[in-house]
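Contents: one structure, followed by commentary.
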Amino acid sequence: MTIVRATFLDTPTGETAMGAELRAATDAALRVVDGTIVERGAWADLGGRHTDDDVLDLRDGLVLPGLVDTHVHYPQVRVTGALGMPLLEWLDAVALPEEARLASPDYARAVAREFIGGLAGAGTTTALVFGSHFATAVDALFDEAQRVGLRVTAGLVVGDRGLPEALLTTPERAYAESIALARRWHQSAGAGSSPRTRYAVTPRFSYGATDALLESCQAVLKDVPGSWFTSHVNESQAEIAAVARLFPDATDYVDTYDRHGLVGASSVLAHNVHPTDRELRLLAGQGATVAHCPTSNAALGSGLFPLRAHVDHGVHVALGSDVGAGTGFSLFKEGLQAYFVQQLLGEAGLPLGPADLLHLATRSGALALGLDDEVGDLSVGKAFDALWLRPAETSPLALALRHADSASEALARTFALAGPADVAGVWVAGEPVKS
Ligand code: GUN
Ligand code: ZN
């Protein structure tokens, strides 16, 4: 039994980030038993009643729920920060040649260590991860996630056209390898007590897929109950035009997935920077999530995300770092960039407050992944998945936090200034993540 003593900030209510309410508890306490929060209240009360419990004193700084990244690429950690190219050129020149290197199991294991370390170091405790085109590399990813203790939903990335030869598969091979991986990792308990790894059916994007491959994806989704679906959609204008040429009988980009039964409440589509009204209606109607990846959208010049249109249509939106087109693992940076984009859109933008940003980076992601009963906030009954933000004493963030007049102001300053160097501790289900 442990009592965690700290200032806790979270956004436990609401299905959407917009208008989120911040809950702030100063000199408060959470009682954690077997990884689950069983009591929450003032330190003076809990500390006085449970004098035999261990005390984890995190008063210096802030404690937030572990962050939830709903779109991030494992094989791209070493090529993050290649600026100056639009999507299709960047894929050809940077991302896909690096992804081919994961054919080597040794290379993949090293990248998996760097990737999982990068997520944990940024305070991300739960992620929907784009895996690799190679099954051995996907094994390496899950192995490392399990060793460190993160919650990872991921799968074999599949494509059967429009990609370098080394990355291509066939619908039959994609099905067989995906099912074999799902048997090994879907809802697999590993060392811990409750399952932290799940399978995600992952066609790279319709630009790299035939109808036959998407049909095989549908079969995996059906044959692996509880599996997730993820891909890319409507990211850049050139990509959208190419997809329209490849699927002349599809109504639009979303339809290339939907007509194979791939758009539902367990689907997360990344980007959607240039959607039509019909696509937004469909995504909302089927309960799918859009993973908004603002630093990637800016780095590749993909466009300014129409958040207001998503919200007006009732489409669920969460946040993704999209490493390596995105410029780092920190969801604080993604939150800040999401805020910037809406500011720059002027009248068409949707102003985001600090609580909206925290919701986007935590509870919105938990809802997107169907894990909101377990993670995303620090209420009683949830797992103690958390990060301790304790900046170096003389850092600009420490100074700004010291001079914040309210919890909301402290949170705004956190999104403006925090990065992985300020994350002093990370826990999943009450256990410190292993480095
Ligand atoms: N579309 C297809 N593959 C990718 C990728 O790796 N990154 C991004 N941002 N978009 C993609
Ligand atoms: Zn991506």
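The values are calculated or read from the model by the stated rules, or taken from the named source; none is laboratory data. Remember, predicted model here, so these are calculated numbers, not experimental data. Here Cβ is always computed from backbone atoms with ideal geometry, including for glycine, and neighbour counts include all displayed protein chains. Calculation scope for accessible area: heavy atoms of the full protein, side chains included, ligands and nucleic acids excluded. Shrake-Rupley method; radii C 1.70, N 1.55, O 1.52, S 1.80 Å.
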* **Cross-link partners of residue 333 among aspartates and glutamates (Cα-Cα below 17 Å; sequence separation of 8 or more within a chain)** => 69, 322, 356, 409, 422
* Asked: Which angle from 0 to 90°, rounded to the nearest 10, does the C-alpha axis of helix 135-148 make with the longest principal axis of the chain?
  -> 0
* In nm, what is the difference between 0.36 nm times the number of residues separating residue 78 and residue 13 and their Cα-Cα distance? -> 19.7 nm
* Under the Karplus relation 6.51 cos²θ - 1.76 cosθ + 1.60, θ = phi - 60°, what is the ordered set of whole-Hz ³J(HN,Hα) values for region 56-68, x standing for Gly and Pro? -> 9, 8, 10, 5, 7, x, 10, 10, 10, x, x, 7, 10
* To do: With label points built 7 Å along Cα→Cβ from the Cα atoms of residue 308 and residue 222, find their separation and express it in nm.
  => 4.2
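For the chain, what does -39500 (n - 2.57) per DSSP helix run (n ≥ 4), summed and divided by total residues, give at 222 nm, in deg cm²/dmol to the nearest 500?
About -10500 deg cm²/dmol.
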* Structure fact -> Hydrodynamic radius by Kirkwood for region 124-207, inverse mean 1/r across distinct Cα pairs, in Å, is 13.0
* Structure fact -> The size of the Cβ-based charge dipole (Lys, Arg +1; Asp, Glu -1) of region 16-68 about the Cα centre, to the nearest 20 debye, is 240
* Asked: Rounded to the nearest whole Å², what accessible area per residue is found for the chain with the 1.4 Å probe?
  -> 36
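Placing +1 at every Lys and Arg Cβ and -1 at every Asp and Glu Cβ, with all other atoms neutral, what dipole size does the chain have around its Cα centre, in debye to the nearest 20?
Values: 32 positive and 52 negative charges, 85 e Å.
My answer is approximately 420 debye.
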* Round to the nearest 10 and give me the degree value, 0 to 90, for the angle of helix 407-417's Cα axis relative to the longest principal axis of the chain. => 50
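Just order 13-25, 56-68 by mean Cβ neighbour count inside 10 Å, highest at the front, would you?
Values: 13-25: 17.3, 56-68: 22.5.
So the peptides 13-25, 56-68, ranked by packing, come out 56-68, 13-25.
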* To do: Go through 233, 91, 206 and say which Cα lies farthest out towards the positive end of the charge dipole of the chain; charges sit on Cβ, +1 for Lys and Arg, -1 for Asp and Glu.
  => 91
* To do: Evaluate the Debye formula for the chain with equal point scatterers sitting on the alpha carbons, no solvent, and hand back log10 of I(q)/I(0) at q = 0.05, 0.08, 0.11 Å⁻¹, in q order, two decimals.
  => -0.16, -0.41, -0.78
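Of all the accessible heavy-atom surface of region 16-169, with the other protein chains kept in place and a 1.4 Å probe, what percent is carbon and sulfur? The partial results should precede the final answer.
Working: 2740 of 5500 Å².
Carbon with sulfur: 50 percent of the solvent-accessible area.
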* Helix 211-223 axis, angle to the chain major axis (alpha carbon atoms, nearest 10°) -> 40
* 3J(HN,Hα) from dihedral phi, region 320-332, Karplus parametrisation 6.51/-1.76/1.60, rounded to Hz, x for glycine, proline -> x, 7, 6, 3, x, 6, x, 9, x, 7, 6, 6, 5
* To do: Can you give me the P(r) profile for region 298-399? Cα pairs, bins 10 angstrom wide beginning at 0, each as a whole percent.
  => 13, 39, 34, 13, 1
* Structure fact -> Simple spin-label estimate for residue 435/residue 184, 7 Å along Cα→Cβ, in nm, reads 2.9
* Using a 10 angstrom cutoff on alpha carbons, build the Gaussian network for the chain and name the most mobile of 230, 197, 169. => 169
* Asked: What ³J(HN,Hα) values, in whole Hz, does the Karplus curve 6.51 cos²θ - 1.76 cosθ + 1.60 give for region 23-31 when θ = phi - 60°, with x put for Gly and Pro?
  -> 10, 10, 10, 9, 6, 10, 9, 10, 9
* **Debye equation applied to the C-alpha atoms of region 199-254, log10 I(q)/I(0) at 0.29 Å⁻¹** => -1.18
